Amino acid sequence: MKGQKVMFRCFYLFALLSILSALLLPALVGAQDYPIMDRVADKVIQKYQNSTCGQLLQNRGKPKSAMEQKAVRFLKSDPQMRAAFIDKVAGPIANKMFECGMIP
């Protein structure tokens with residue numbers, strides 16, 4: 001009886017670790033695939049977090065710089081990189097836009 005409890009606990013622990021590794025490993029590996037994109041995404045996140053709502057509203061319709069246009073071209077040309085970029089920046093940007101009343 002006691003041996004079965006230990007065996008079940010080991011089984012559940014193994015199953016839990018397997019599930020966690022299956023969920024976390026792709027995210028960790030994906031983060032290493034695009035180190036430059038990660039730095040660009042971090043800058044975009046910082047821009048939103050450090051900007052006031054007024055600044056974000058004011059800059060909303062302005063043309064993009066040459067560097068921003070180049071980054072957009074890279075993201076358009078690589079769907080996997082684009083998905084990784086959007087996965088990284090979507091939450092912080094959406095939260096800031098919500099705080100600023102830019103989205104419902």
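The values are calculated or read from the model by the stated rules, or taken from the named source; none is laboratory data. Values in this document were obtained by computation on a predicted structure and should not be read as measured data. Counting neighbours? That spans all protein chains shown, and the Cβs are built from the backbone with ideal geometry, glycine included.
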Exception for residue 40 within (1) within 17 Å of residue 88 (Cβ to Cβ); (2) without any contact (Cβ under 8 Å) to a residue 40 or more places away in the chain falls at (2)
I'd like to verify a number: residues in the stretch 44-80 that are farther than 16 Å from residue 101 by Cα, of a type in the set (S, T, N, Q) and in a helix (DSSP H, G or I), how many? 5
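Specify the residue that is modelled with the highest pLDDT; the eligible residues are those in the stretch 27-37 that are surrounded by 16 or more Cβ atoms within 10 Å (Cβ to Cβ) and not in a loop (DSSP other than H, G, I, E, B). Can you show your working first?
Taking the stretch 27-37 and keeping what is surrounded by 16 or more Cβ atoms within 10 Å (Cβ to Cβ), we get 30, 34, 37.
Pick out the ones that are also not in a loop (DSSP other than H, G, I, E, B) and you get 30, 37.
Details: 30: 50, 37: 91.
Filtering first and then ranking leaves 37.
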